[in-house]
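As C-alpha cells, the structure follows; a few thoughts come after it.
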Amino acid sequence: MAGQFENQGGAANMDPSALRRWLLSKYLSFRFSDEQVTKRRHRAERRRRADSRPHVVEYFHQVDDAYSHLAAQLLARFAARYDVELQCHLVRGPLGDNVLDAQLLLRLARSDSALIAPQYGLSFPASLEAPEETSTTLALSVLASLDSRTLGQHLAAVSEALWHGDTPRLHQHAGALGHASASQVGERLRSGTARRAALKHYSGAMFNYEGEWYWGVDRLHYLEARLAALGADTTPGEPPLAPCPSVDLGEASDAASLTLEFYPSLRSPYTAIVFDETVALAARAGVRFQVRPVLPMVMRGVPVTLEKGMYIFFDVAREARRRGMRYGHLYDPIGEPVRRCYSLYPWAAEQGLGTALLSSFLHHAFARGVNTNTSKGLRKVVESAGLQWHAAEPRVGKGDWEQVLEDNRLVMYQGGLWGVPSYRLLAPSGDALLQVWGQDRLWLVAREIQRYQASRST
C-alpha cells in the first residue's frame, strides 16, 4: 500500500495536521480499493450463507423528500424482481452537520427529481411546491400504521397521493389501511432514524444491503448488479429497473450559441472523476465553455461529518470504477494545497492553460497520491499542465484569486446551487436553460444541449 504514494520524506517529519491528512488518505485509498470492496462483499456473503439468511435489503423513506418519492415508485417492482426480503423504515431528514440547509436541500431535490423522473419512467408533479404540512402529517400517520414489510407494498400509492395533492385519496388510504397516533408516528420516525444511524448514514431515499449504501434511483443500478451477481435476479438478462443514464450528445454539435458554466472544486472527489469528461463534452458540443472554480465547501465553513465523508469516498470510488478511470490513490489536498494551486490559476488561465492546471491538480491529488502541499508535488502539477515551474514558483500564494472564486460562488448560489461540481447551461440571452448539481447530472447537460438544438432546427 505504501507504494501507492510518492515518498513524502517520512511521516515522522510531518506536523500533526499533515500527519492526520496523510494517514487518512492512506486509509481511504486502502479501504475503498476494488480489492478491499470485493473482499468485504465475499465475507458478507459467506456470513449470510452461514446464517441461512435471505438477501435483506433495507430502505429508508423520508416522506417529504422528492428523491424518496421517486424511489418509492420502484419498490414493488424491485421486490418482485429480486429474491430479497425488503424492509422499509420511515426516517427524518438529515440532521445537524449532515445538512447545510434542510429547506434548501428539499427544494433542490424537488427541481432535480422533476428533471430526472422521465429518464426512469417515473412521475413527478408539475408543481414543484412541497406537499402541504397537513397532508404530510396524514401520509405519515397512514404509513406508520404499517409494519416494515407491508410498508413497501403501499408506499408508492400513499406517496403518489401526497405529492400530487390528492387529499381525498389520502383519506381513502387512511380508511383502508388505518392510521397511527402522533406518538406512534414519532416512535416510527425515531426507530427508523436510529436504525439508519446505526448503519452509519444520514439521508433519505437510501437502500442498504450487507454493509453498502445505495442512494435512490441514481445508485439503484449498483444494487441491482450486486444482487444479480449473487443469483438473486429472477429475470436475469433483462435490463435493470433503474439503468444508469449515459452521457450522450447524439447528433448535437457546434452549439456555439450556448454557454456551459462548470463549477468545480480542487478538493472534491466528485469533481476529480468528472472534470476531464466535462471538458471533453464541452469540446464535442462546441459550446462556449467557462470553468468557474470555487473553494471547497469545508473551506467555506460547511462541516462534513465522518459518516458523510465515508459515504462520499465510497461512492466516488465505485463511480470511478464504472467509468474505468484511474482514481483512488489519493492525498487529501484540503487547505493550503488548494490555495496554492488556485493562486496560480489566473496566471495559468492567461496562457490558456487554466483548465489544464486544474485537471492536473485533481489527477495528482486523487489518482497519483501526490502531496500537493510541497513544492515538489506542486511542481509536478504545474509541469504536467504544460507550464514552467520557474515562472510559477514566485507566484505561489500571491495574486487576487480569492475574489474571483468568491464571485463564482455567488453566481452558483444565485442558481440555487451550493455544492460541486455544478453546471449552468445558458441560452444566448443569458437565461439559464439548466442548473444542476452533481457529476451524475452531466447526462442532463448533454440532453439539454440536444433538446435546445432540436428546438432551433424545427
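The values are calculated or read from the model by the stated rules, or taken from the named source; none is laboratory data. The structure presented is a predicted model; accordingly, all values stated were derived computationally and were not measured. Quick reminder, even Gly has a Cβ in these numbers, built from the backbone with ideal geometry, and neighbours come from all protein chains shown. Just the protein is used for accessible areas: all its heavy atoms, side chains included, with ligands, DNA and RNA removed. Shrake-Rupley method; radii C 1.70, N 1.55, O 1.52, S 1.80 Å.
Given (1) under 18 Å from Arg267 (Cβ atoms); (2) open to solvent by 10 Å² or more (accessible area, probe 1.4 Å); (3) at pLDDT 95 or above, identify the lone condition not met by Arg395.
Exception for Arg395: condition (1).
What do you reckon, is Pro337 under 16 Å from the mean Cα position of the chain (by Cα), of a type outside the set (S, T, N, Q) and over 10 Å from Phe32 (Cβ atoms)?
For Pro337, the condition - under 16 Å from the mean Cα position of the chain (by Cα), of a type outside the set (S, T, N, Q) and over 10 Å from Phe32 (Cβ atoms) - is not met.
Could you grab me the full set of residues in the stretch 316-338 that are surrounded by fewer than 18 Cβ atoms within 10 Å (Cβ to Cβ) and part of a helix (DSSP H, G or I)?
Arg318, Arg321, Arg322, Arg323, Glu336
Would you pick out the residues in the stretch 270-316 that are farther than 19 Å from Trp443 by Cβ, touching a helix residue (DSSP H, G or I) at 6+ places or on another chain (Cβ under 7 Å) and at pLDDT 90 or above?
Val291, Arg292, Pro293, Val294, Leu295, Lys308, Ile312, Phe313
On the basis of being part of a helix (DSSP H, G or I) and open to solvent by less than 20 Å² (accessible area, probe 1.4 Å), does Phe313 make the cut?
no
For every residue, the table says whether it meets (1) free of Cβ contacts under 8 Å to residues at least 40 places away in the same chain; (2) farther than 29 Å from Gln184 by Cβ; (3) small (Gly, Ala, Ser).
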{"site": "Ala44", "(1), (2), (3)": "no, yes, yes"}
{"site": "Ala66", "(1), (2), (3)": "no, no, yes"}
{"site": "Gln73", "(1), (2), (3)": "no, no, no"}
{"site": "Pro94", "(1), (2), (3)": "no, no, no"}
{"site": "Arg107", "(1), (2), (3)": "no, yes, no"}
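Against the conditions (1) modelled with pLDDT under 95; (2) under 21 Å from Tyr423 (Cα atoms), where does Gly324 fall short? Just the number, please.
Condition not satisfied by Gly324: (2).
Only residues that are more than 19 Å from Gly397 (Cβ to Cβ) and either in a helix (DSSP H, G or I) or open to solvent by 20 Å² or more (accessible area, probe 1.4 Å) (or both): list them for the stretch 354-371, please.
Residues satisfying the conditions are Thr355, Ala356, Ser359, Leu362, His363, Phe366, Arg368.
Are any residues in the stretch 237-285 without any contact (Cβ under 8 Å) to a residue 24 or more places away in the chain and assigned to a helix (DSSP H, G or I), and if so, which ones?
Ala280, Ala282, Ala283
Quick check on the stretch 291-303. Is at least one of its residues open to solvent by less than 20 Å² (accessible area, probe 1.4 Å) and not in a loop (DSSP other than H, G, I, E, B)?
no
Out of the residues in the stretch 247-288 that are small (Gly, Ala, Ser), touching a Leu at 6+ places or on another chain (Cβ under 8 Å) and over 20 Å from Arg456 (Cβ atoms), which is least open to solvent (accessible area, probe 1.4 Å)?
Across the stretch 247-288, the extreme among qualifying residues is Ser265.
For the structure I just gave you, tell me whether Ser141 is within 30 Å of Trp437 (Cβ to Cβ), of a type in the set (Ser, Thr, Tyr) and at pLDDT 95 or above.
In short, no.
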